[in-house]
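J.: Take this structure, written in structure tokens, and hold onto it; I'll ask about it next.
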Amino acid sequence: MQTSRRSDRNESQTVLRACEVLKAFKSLGEELTLLEVMERAQLPKTTAFRLLRTLIHGGLLERVGAGVYRNRFGPVTGRRYRIGFATQGVTEFSQEVLRSIETVAARENVDLITVDNRYSAREALRNADFLIREGVDLVLEFQTYERVAPAIASKFLEAKTPVIAIEVPHPGATYFGANNYKAGAEKTCAVASQNATPEARAELRRLGTRLIGSVAYFPERYGNYVIPLALNLLRNKPVAPAVFVKHQFLTSKNVDLVYPLDTGAKLRRPRLNS
């Protein structure tokens, strides 16, 4: 166990070692092997194993496999990461992304500094300067104007702030969003709409609609992917240069299966005569 300070006779060395074991887990739900716990906590095998068993009985850890342990408590050491999030605006899709990221950031004990780009290139540039002044550890950039992407990216590059670009690629940033080559875009296919917003889903349920379908990207799930991706970048773990969401094409035949909880979905679909 690493320590450079003088021990206190009132301290329990067993409790201190247990704290080192908990500190080995960097995030809620992280899974570590016994060997990884030994290396991070700098404890001998027997001590680490005994403390892991004790923490399992205490409900702070759980055993998920042979020699594999999962954190059920959350991070207990180090400063909280501060992540800047430049949102896109007030569209339904953007708001779903925001709610998802806020939920997961709170769960992962991350401070989220949120600004609104308001679908404005000028505002996006101002927000980039603001987040740099705030000294955030990483930025989630969600803005639509490709023409200012290089300028925004250069600001963060100069500030040595890593960036995850959501939906619109930015030079040097890790990309997260739709894979338009596979999902279909512009003139490559006969998709009638993108994003499968609640309005589009309601239209698909309308009898006689002319809407063929809509590609769903599930913004309500973005936080589950973006925040872990950000934490991996901050912890210097290997990260792919682009991470694509799993999209699905919604039609009148499957919209209720994919989104069964849409408010009033059953009421909007006309009843067919038997």
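The values are calculated or read from the model by the stated rules, or taken from the named source; none is laboratory data. This structure is a prediction, so every number in the text was calculated from the model and none was measured. Backbone-built Cβ (ideal geometry, glycine too); neighbour counts: all protein chains shown. For the accessible areas, the whole protein counts, side chains as well, though only heavy atoms, and no ligand, DNA or RNA atoms are used. Shrake-Rupley method; radii C 1.70, N 1.55, O 1.52, S 1.80 Å.
J.: Of the conditions (1) over 22 Å from F218 (Cα atoms); (2) out of contact with any strand residue (DSSP E or B) (no Cβ under 8 Å at 6 or more places or on another chain); (3) open to solvent by 60 Å² or more (accessible area, probe 1.4 Å), R80 satisfies every one except a single condition; which number is it?
T.: The failed condition is (2).
J.: Does E158 satisfy the criteria of being over 19 Å from E220 (Cα atoms), surrounded by fewer than 22 Cβ atoms within 10 Å (Cβ to Cβ) and in contact with a strand residue (DSSP E or B) (Cβ under 9 Å, 6 or more places away or on another chain)?
T.: For E158, the condition - over 19 Å from E220 (Cα atoms), surrounded by fewer than 22 Cβ atoms within 10 Å (Cβ to Cβ) and in contact with a strand residue (DSSP E or B) (Cβ under 9 Å, 6 or more places away or on another chain) - is not met.
J.: Another question, then. Could you grab the pairs with beta carbons closer than 7 Å, sequence gap of 6+ or different chains, first residue in the range 53-68 and among the small types (G, A, S), second one open to solvent by less than 40 Å² (accessible area, probe 1.4 Å) and at pLDDT 90 or above?
T.: G67/L34
J.: Considering only residues that are free of Cβ contacts under 8 Å to residues at least 24 places away in the same chain and open to solvent by 60 Å² or more (accessible area, probe 1.4 Å), which ones fall in the range 231-255?
T.: Matches in the range 231-255: N236, K237, P238, K253.
J.: Just need a number here: residues in the range 100-122 that are closer than 11 Å to T87 by Cβ and in a helix (DSSP H, G or I).
T.: Summing the residues that are closer than 11 Å to T87 by Cβ and in a helix (DSSP H, G or I) in the range 100-122 gives 2.
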